[in-house]
Amino acid sequence: MRVFEKVAETLIGLGVRQVFGVVGSGNYDITKALVERGATYVAARHEGGAASMADAFARVGDSVPAISLHQGCGLTNAITGIAEAAKSGSPMLILTAEVAASAIHSNFRIEQDRLVESVGAASFRITRQTAARDVALAYRTAVTRRIPVLVNLPLDVQSAETTEEFLPSLPGLAALSPSVAPATGDVTRLADLIERSERPVVIAGRGGRTAGPELRELARASGALLATSAVARGLFNDDPFYLDISGGFSTPLAARSIQGADLIISFGSALNMWTMRHGTLIGPEATVVQVDVDPLAPGKHRPIDFGVLGDSAATAAAVTEELKKRGLSRVGYRTEEMAEAIKCEGRWQDVPYEDLGDGERIDPRTLTIALDRLLDKERVVAVDSGNFLGYPSAFLDIPDENGLVFSQAFQCVGLGLASAIGAAYAQPDRLPVLGTGDGGALMASAEMESVVRLGIPMVVIVYNDSAYGAEVHHFGESDHAMGLITFPDTDFAAIARGYGFTAVTVRTPEDLDPVRHWLAGPRDTPVLIDAKTVSFASWWLEEVFKGH
Ligand SMILES: Cc1ncc(C[n+]2csc(CCOP(=O)(O)OP(=O)(O)O)c2C)c(N)n1
Ligand SMILES: [Mg+2]
């Protein structure tokens, strides 16, 4: 057996099933060997796309994805998506060919390890004698540290013969993320704080996504309202006391209610500037508690009163049990008035606004609310970055905590389209929906070919203001007259038709009729909506500028 075959066999044995990539001479063998052993391979049109596809798959899928890259330039092309994945805590493997150690002057030579390490990923290299073990260790590193991990596959090593016996019988994914029980003293102290509070709020982040039932139960026992960071949006859907997003995308009601809390308990959320609106969501009297499995997380982004080391489910369950033992039963923040307010004004779709559409350009809120009504409820939404970002993120309902791919840790424009493809593979029974700006759509447009070729019935919404809107509103009207950040209109409908999409140009809500027809079936092409939108600084962007 050759080493690349051993690597493929080991990866399949570990549970890797989904591979994205761009094939070149150096990674042809490993990719083929993976496909022959049952992996699904998706050919991206740019390695940056492959990385973002895998990142999205890691967020809302159920196995660790891999990307397969050519040596040197394949990896440099992928590095931005890898950075987003590293900053977001997405476990994935980066299988990259590498020039042989002896090929000192190869044009493909770069320091692959240092490149990925500089963006927060880890790096491994296989040797002929230990390839299976090396790969297994890389996989365990990705899962336990929740980061992308580079597996360097030197060309001479890949093709060598191996007699390595080791086929790791390794713990599965669940066993690699063991429950971390909180210390008893911490449980008591947290229960004391809850008992003394009157208006507690529980905020769950990405690390709280696996603890939905336990956190709902804790909130009921504590009289607490529930909220999530954007990445965990949907976790508490249907709970009458779910405030939806905590952060820049909070509704006015959610923001007021979180500001009114006297106790904020975070489960697996970083409590960063986004989730806490630069701290302005924390009232002057609030006590802040941060529960996390990572001992380095509590207090990293802001001062807190108390950090608890423990995983969300175990900690929530232990505290609930303690509260029940004490016989605590109360309404707290969960009043009938609050339930009524959440019912009437808990969604952005229900918050009144003045429609700024003028017949030539549609108001992005009106557009998104109309689409929210039209599109399947079973959907998985991916978003790019820009001024438009809040509309698809906050004005489209999502079915649960696996319904929104919010890749904003690197605040990078252009990752959305590929993320939507990865999300489509992770959640194949849902309608994939992308919200992107015109800038992001052009940056990513190579993957439009992938959407069509792969037969993904995707809905692409382009919020087209013919500008880098975020920058226009940042610098004000004076500078954009210079044309640095404004552009002539791009006809995205024409571009999309060229790739094989059904496409619609939208200036008014009535223009959405063809989308209705597309939704009625057979959905044998994807559909792109080129929405010529009114451009104004979005409310959440104004928050960002305050922070800068
Ligand atoms: C890769 C990258 N380049 C530049 C930026 C700076 N930037 C932030 S938003 C933005 C404009 C994005 O334009 P568009 O996609 O049309 O969205 P809009 O802001 O117009 O809604 C730019 C250039 C960035 N965040 N990422
Ligand atoms: Mg724009």
| task | Multiply the residue gap between Ser118 and Ser25 by 0.36 nm, knock off their C-alpha separation, and tell me the result in nm, one decimal place. | result | 30.9 nm
| Relative contact order, percent, of the chain when contacts are C-alpha pairs under 8 Å separated by at least 6 residues? | 13
| said: Can you tell me what share of the DSSP beta bridges in the chain is antiparallel? A percent to the nearest 5 is fine. | reply: 5
| message | Need one number: nm distance between label points at Tyr41 and Glu510, each 7 Å from Cα along Cα→Cβ, rounded to one decimal. | response | 5.1
| request: Let me know the charge dipole size of the chain about its Cα centre in debye, to the nearest 20, where only the beta-carbon of Lys, Arg (+1) and Asp, Glu (-1) is charged. | output: 1220
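Between Ala160 and Ile12, how high is the FRET efficiency from 1/(1 + (r/R0)^6) when r is the Cβ-Cβ distance and R₀ = 22 Å? Nearest 0.05. Could you put the intermediate results ahead of the total?
Values: r = 20 Å, r/R0 = 0.92.
Plugging the Cβ-Cβ distance into 1/(1 + (r/R0)^6) gives 0.65.
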| request: Compute the length gained on full extension between Gln411 and Ser329: take 0.36 nm times their separation in residues and subtract their Cα-Cα distance, giving the result in nm to one decimal. | output: 25.3 nm
| task | Along Cα→Cβ, 7 Å out, is where each label goes; now give me the distance between the ones at Asp238 and Asp358 in nm to one decimal. | result | 4.5
| message | Quick check on the chain: helices-only [θ] at 222 nm, where DSSP H runs of length 4 and up contribute -39,500 (n - 2.57) each and the sum goes over total residues. Nearest 500, please. | response | -11500 deg cm²/dmol
| query | For the stretch 195-295, which GluC sites (Glu not before Pro) are in a loop by DSSP, counting at most 14 other Cβ atoms within 10 Å? | reply | Glu198, Glu285
| remark: As straight-line cross-link partners of Lys325, the qualifying lysines (C-alpha separation under 17 Å, not fewer than 8 residues apart within one chain) are none
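Quick one: pull the percentage of alpha-carbon pairs in the stretch 63-120 with a separation above 13 Å.
Distances greater than 13 Å cover 60 percent of the Cα pairs.
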| request: Return the whole-Å distance between the Cα centroid of the stretch 373-434 and the Cα centroid of the stretch 190-208. | output: 29
| message | Computing the accessible area with a 1.4 Å probe over protein heavy atoms, can you report the carbon and sulfur percentage for the chain? | response | 53
| HN-Hα J couplings of the stretch 201-210 from phi, Karplus 6.51/-1.76/1.60, θ = phi - 60°, integer Hz, Gly and Pro as x? | 10, 9, 10, 9, x, 4, x, x, 5, 8
| request: Sort the following peptides by mean Cβ neighbour count (other Cβ atoms within 10 Å, averaged over residues), highest first: 448-456, 505-513. | output: 448-456, 505-513
| task | Take peptides 234-242, 274-282 and line them up by average Cβ neighbours within 10 Å, highest first, as a rough protection proxy. | result | 274-282, 234-242
| remark: Taking a probe of 1.4 Å and leaving out DNA, RNA and ligands, the chain shows per residue an accessible area in Å² of 39
| said: Can you tell me the length gained on complete extension of the stretch Ser179 to Glu345, counting 0.36 nm per residue apart and subtracting the Cα distance? | reply: 56.1 nm
| query | Among the lysines, which fall within straight-line cross-link reach of Lys377, defined as a Cα-Cα distance under 22 Å, with same-chain neighbours fewer than 8 residues apart omitted? | reply | Lys343
| message | Residues of the stretch 90-109 with backbone nitrogen within less than 18 Å of a virtual label 7 Å along the Cα-to-Cβ line of Thr76, please, listed as ranges. | response | 96-100, 104-109
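The values are calculated or read from the model by the stated rules, or taken from the named source; none is laboratory data. Treat the numbers as computed from the prediction; the structure is a model and nothing was measured. FYI the Cβ positions are ideal-geometry reconstructions off the backbone, even for glycines, and counts take in every protein chain you see. Surface accessibility is based on the protein's heavy atoms, side chains included, excluding ligands, DNA and RNA. Shrake-Rupley method; radii C 1.70, N 1.55, O 1.52, S 1.80 Å.
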